[in-house]
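These notes concern the structure reproduced below.
The values are calculated or read from the model by the stated rules, or taken from the named source; none is laboratory data. These numbers were taken from a predicted model, which means no experiment stands behind them. Don't worry about glycine lacking a Cβ; one is built from the backbone with ideal geometry, like all the others, and counts go over all protein chains shown. Quick note on the areas: whole protein, heavy atoms, side chains included, nothing else; ligands and nucleic acids left out. Shrake-Rupley method; radii C 1.70, N 1.55, O 1.52, S 1.80 Å.
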Amino acid sequence: MKVDPTQQAHATPHAHAPASDFRHMSREEFLHAGGEVLAFIADYYQALGLLSDAVEATTTKPSSVSFARASFTPGEVTSVRSLSKPGDLLGALPMHAPTQPEPWRALTDDVEKLIMPGVTHWQHPGFFGFFPANASPPSVLGEMLSAGLGVQGMLWATSPACTELEIRVLDWLARLAGLPERFWNQSEPGGAFLAGGSVILTTASEAVLVALVAARKRALDRLGPTQYSDNAPVGMMIYTSSQAHSSVIKAAMVAGLCAGPTPDAHDANLVGPIGRGSHQSGVRLIPVDERGAMRTELLQAAVENDVRAGRVPVLICATAGTTASMGFDDLHAAGTLARTHSAWLHVDGAMAGVASICPELRKEVWGDERCESLNLADSVCFNPHKWMLTNFDCDAFYVADRKALTSALAIAPSYLKNAASDSGAVVDYRDWQIALGRRFRALKLWFVMRSYGTSGLQSFIREHIRLAQLFESFVRSDNRFELAAPRGLSLVCFRLKPTKGQSAQQADGMNAKLLEAVNATGRHLLTHAVLPAGALPARYVLRLSIGGSATREVHVRSVWEDIQRCAGTLGTLS
Ligand SMILES: *Cc1c(COP(=O)(O)O)cnc(C)c1O
């Protein structure tokens, strides 16, 4: 970086000397403290096996890691899951902010003493819970630079690099993931913007809300004013599967199209209805088949029913890789239906969509190798912050018609007017998202894609798929266990089979105990899901979600050993 600090000091130093205790760190203090923070993170990553030269150290000792340095250190990781009790940290923190500046050492002491015990180690190689939230060295450095520049990228004009880097890295990612051209920003450098485009949003949750708002606007424009005047809003329906992410219902709640997560008493599949008859809005949760995929014949029936009743299908949200069990909806069927009824198809590929960077996995993710079903989608998103080594937050959101999005979200107060925006030659990302302000998120994604290279990113994903296949074979080889759903990419759902005479409820209880016992070792963290089982009651199952930045074969073997051992001692636990 070519900033010469001596050149920055030309302003008269005391002209605006603060009258109070206000004072910034000096360059030396900042470098010293910053070096400590970086060393802290480096030690942490080293112990977790997240840095390359620590591979051997971790393979021999995956369970507990400790730190030898004398100063500011992350402490000892004795449990992946934080062992804090509710209120532990609150009880230790003062009620007021300090009046006088505190020394740096006081802060680092408290990070060690107060904060680290309350941290769950998401970057630990034994973290198999939920879905991963990858971090990586280049991404951390990208975040650091973004924080350091402190840029607000709401408009192109407020920091052109923030917008233009985002445009290009998202096009890199679109091509890498094989997304159809309708989701690209440009087809050549310097070329005109295409009809479609992309933006980095905070989360997949924001993506579905943004998609819904665009879909609603498009529906209202299509219906014209007469259809929804007289204070009688038209009923707007949203369709998704019973296994879709909760963010779909939440988006409908935020958009005022659903009252909340409670089902309608008369219609088990309708959630939070608002209004009545043809004025009724709400979310229809379509049941899934045994693979966790939305039953498209039921989706079609629900849509047609609503149309007959005078309601308007606004959004179909299909999931590519459900959170609970990696079920994949039939995108072609959902897209065809959406086309027929002029509804918007949003494809939520939060975790699984990342795997599309490996050509051989596209069929599993989108239903066909050439991603052709996505030609029927209006928007699609996935999360590099889950499984592509990019720190939270980073959701890649792609839209086929950028105008549909900006016409729903653009608003230009006079103080933001500027010549570049007026020229129409630039993208102003504030019109593509909920908030006005935005961070320089493209930096970390750019750092990650360049540091690992696309072949490195693909190897990372492929290794996790291989490990999940390995774990699947472990489960199949032990007849006390069964797969609770077909393995999807790097997620394996499994459970202990009910023993003879055991009720469904007892079997669930036994599996919950197994999960608790495995997590209590501190070496690993798994989470559970409750999966529908056709006409039978839903079942409690364990999920092994592989995708951590530092997770390797030794950790998958180790967690299976723990699971087997804990299963063996279950009888003595009760
Ligand atoms: C994790 C997940 C989400 C939510 O992701 P955020 O980016 O945290 O909002 C949404 N949909 C699916 C299918 C997910 O797995």
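If you filter segment 397-423 down to residues that are closer than 24 Å to Leu345 by Cα and in a loop (DSSP other than H, G, I, E, B), you find that the one that is nearest to the ligand (Cβ to nearest atom) is Ala400. Looking only at segment 332-346, decide whether some residue is open to solvent by less than 10 Å² (accessible area, probe 1.4 Å) and either modelled with pLDDT under 95 or farther than 18 Å from Leu257 by Cβ (or both). There is at least one residue in segment 332-346 that is open to solvent by less than 10 Å² (accessible area, probe 1.4 Å) and either modelled with pLDDT under 95 or farther than 18 Å from Leu257 by Cβ (or both). A search for C-beta distances below 6 Å between a residue of segment 224-252 that is hydrophobic (A, V, I, L, M, F, W, C) and any residue that is at pLDDT 95 or above and assigned to a helix (DSSP H, G or I), counting only pairs 6+ apart in sequence or on different chains, returns Met237/Asp306; Ile238/Ala252; Val248/Val208; Ala251/Val208; Ala251/Leu209; Ala251/Leu212. Every condition in (1) touching a Phe, Trp or Tyr at 6+ places or on another chain (Cβ under 7 Å); (2) open to solvent by less than 20 Å² (accessible area, probe 1.4 Å); (3) within 16 Å of Leu409 (Cα to Cα); (4) more than 16 Å from the ligand (Cβ to nearest atom) is met by Ala219 except one, and the failing one is (1). Taking into account only those residues within segment 358-378 that are small (Gly, Ala, Ser) and open to solvent by less than 10 Å² (accessible area, probe 1.4 Å), which is nearest to the ligand (Cβ to nearest atom)? It comes out as Ala377.
Note on segment 320-331: residues that are open to solvent by less than 10 Å² (accessible area, probe 1.4 Å) and away from the ligand (no atom under 11 Å from the Cβ) amount to 1.
The set of residues in segment 470-512 that are closer than 30 Å to Leu361 by Cβ, open to solvent by 50 Å² or more (accessible area, probe 1.4 Å) and assigned to a helix (DSSP H, G or I) comprises Ser473, Arg476, Ser477.
The residue pairs whose first member lies in segment 315-336 and is at positive phi and in a loop (DSSP other than H, G, I, E, B), whose second member is basic (Lys, Arg) and at pLDDT 95 or above, and whose beta carbons are closer than 9 Å, counting only pairs six or more residues apart or on different chains, are Met326/Arg487.
Which residue out of Val448, Val426 is part of a loop (DSSP other than H, G, I, E, B) and farther than 24 Å from Ile316 by Cβ? Of the residues listed, the single one that is part of a loop (DSSP other than H, G, I, E, B) and farther than 24 Å from Ile316 by Cβ is Val426. Within segment 446-456, identify whether any single residue is open to solvent by less than 30 Å² (accessible area, probe 1.4 Å), more than 26 Å from Ser159 (Cβ to Cβ) and more than 16 Å from the ligand (Cβ to nearest atom), and answer yes or no. Within segment 446-456 (the criterion being open to solvent by less than 30 Å² (accessible area, probe 1.4 Å), more than 26 Å from Ser159 (Cβ to Cβ) and more than 16 Å from the ligand (Cβ to nearest atom)), the answer is yes, since at least one residue qualifies. Taken together, Ser198, Ser205 contain a single residue that is within 16 Å of the ligand (Cβ to nearest atom), open to solvent by 20 Å² or more (accessible area, probe 1.4 Å) and within 18 Å of Phe382 (Cβ to Cβ), which is Ser205. Does Leu443 qualify as being of a type in the set (A, V, I, L, M) and closer than 24 Å to Ser139 by Cα? So Leu443 passes the test.
In summary, helices (runs of 4 or more DSSP H) completely within segment 1-102 and bearing 1 or more residues that are at pLDDT 70 or above and out of contact with any strand residue (DSSP E or B) (no Cβ under 6 Å at 6 or more places or on another chain) occur at 27-48, 88-92.
Scanning segment 168-186 for residues that are open to solvent by 10 Å² or more (accessible area, probe 1.4 Å) and either modelled with pLDDT under 95 or assigned to a helix (DSSP H, G or I) (or both) yields Arg168, Trp172, Arg175, Leu176, Glu181, Arg182. Within segment 533-557, restricting attention to residues that are surrounded by fewer than 19 Cβ atoms within 10 Å (Cβ to Cβ) and not basic (Lys, Arg), the residue that is nearest to Val77 (Cα to Cα) is Val554.
Pairs linking a residue in segment 77-105 that is over 27 Å from Ala517 (Cβ atoms) to a residue that is open to solvent by 80 Å² or more (accessible area, probe 1.4 Å) and part of a loop (DSSP other than H, G, I, E, B), with Cβ atoms under 8 Å and 6 or more positions apart or on different chains, are Gln100/Asp21; Pro101/Asp21; Pro101/Arg23. Checked against (1) within 16 Å of the ligand (Cβ to nearest atom); (2) not in a helix (DSSP H, G or I), Ala355 passes all but condition (2). Of all the listed residues (Cys381, Cys317, Cys394), the sole one being within 11 Å of the ligand (Cβ to nearest atom) and more than 30 Å from Tyr45 (Cβ to Cβ) is Cys317.
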